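Any read-out appearing in this document is the output of simple, stated calculations on the displayed coordinates, not a laboratory observation. On a predicted model such as this, the values are computed, not experimentally measured, just so you know. Because the Cβ atoms are built from the backbone with ideal geometry, glycine has one as well, and the counts that use them run over all protein chains shown.
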Amino acid sequence: MKILEVKGLIKNFGGLRAVDSLDLSVEEGQILSLIGPNGAGKSTVFNCIAGVYAPSAGEIHFQGAKINNQKPWDLCRKGLARTFQIVKPFASKTVLYNVMVGSFANTDKTAQAEEKALEVLTLLHLDDKKDVKAGNLTIADRKRLEIARALATRPGLLLLDEVMAGLRPTEVDEMVEIIRDLRNSGITIFVIEHIMRAIMALSDRIVVIHFGGKIAEGTPTEVASDPNVIKAYLGEEYVVS
């Protein structure tokens, strides 16, 4: 079953076309990755899906219903959550407080919000830091906090925007395991990422865009051997023989 379907998505900013007639879909329980060079339009796609930008044309369907022009907070309550490339926690507040903000998307009871927040923090191995101020976290822990805040909204579909950027190799490996565990818990994942070894290890399917348009789609092996993808983005070191 398709949890997300994008049909003919176009997004213009004045005379600039950032996304050009994009079609893609995400199957429930899948990890789909969106890759491409800087400026290819990846984050614009996420922003259209998440309700930050209104599409110039095309349709976006989530769980079978058209969601064009719906507000981010309404989509969040329907089960569509996202993280941001630049993490901006409430730095002077505790880790627990930050995650409880997400929990309040589905409850107005403080005890229930705290219970859900603690559950998520345990899942992401941040429960021992629940009383630490978010501004004192390492970049790796701030990335986990960003995911935790989104998870606390109880999403069915989670959009992850470069959650591994700036991490050390061992931290990338830990994040890969976290994302796999999230998928295994029943959450569908749609991810933008530039760290290709992580993308190749995680993805069920990959969509590649360049200048806002799709140039390839397939399994990691298929994408890594596609001449158009190699030329536009990957480079010869990713050629699959």
Computed over the stretch 85-154: relative contact order in percent, which uses C-alpha pairs under 8 Å that are six or more apart
49
Test of understanding: ordering Arg149, Arg180, Arg154 by Cβ neighbours within 10 Å, fewest first, what list do you get?
Arg180, Arg154, Arg149
Net charge around Asn69, counting only other residues with Cβ within less than 13 Å of its Cβ (Lys, Arg = +1; Asp, Glu = -1)?
+1
Pairs of lysines 8 or more apart, or on different chains, with alpha carbons under 28 Å: count those in the stretch 9-121, would you?
22
Round to the nearest 10 and give me the degree value, 0 to 90, for the angle of helix 110-123's Cα axis relative to the longest principal axis of the chain.
60
Relative to the Cα centre, what is the charge dipole magnitude of the chain, using +1 at the beta carbon of each Lys and Arg, -1 at the beta carbon of each Asp and Glu, and rounding to the nearest 20 debye?
820
Tell me, Lys143, Lys78, Lys231 in order of fewest to most beta-carbon neighbours within 10 Å?
Lys231, Lys78, Lys143
Length gain on complete extension for the stretch Lys7 to Glu177, per 0.36 nm per residue less the alpha carbon to alpha carbon distance?
58.1 nm
On a 0 to 90° scale, report how tilted helix 169-184 is relative to the longest principal axis of the chain, with both axes built from alpha carbons and the result rounded to the nearest 10.
90
So for Glu217, Glu27, fewest C-beta neighbours within 10 Å to most, what's the order?
Glu27, Glu217
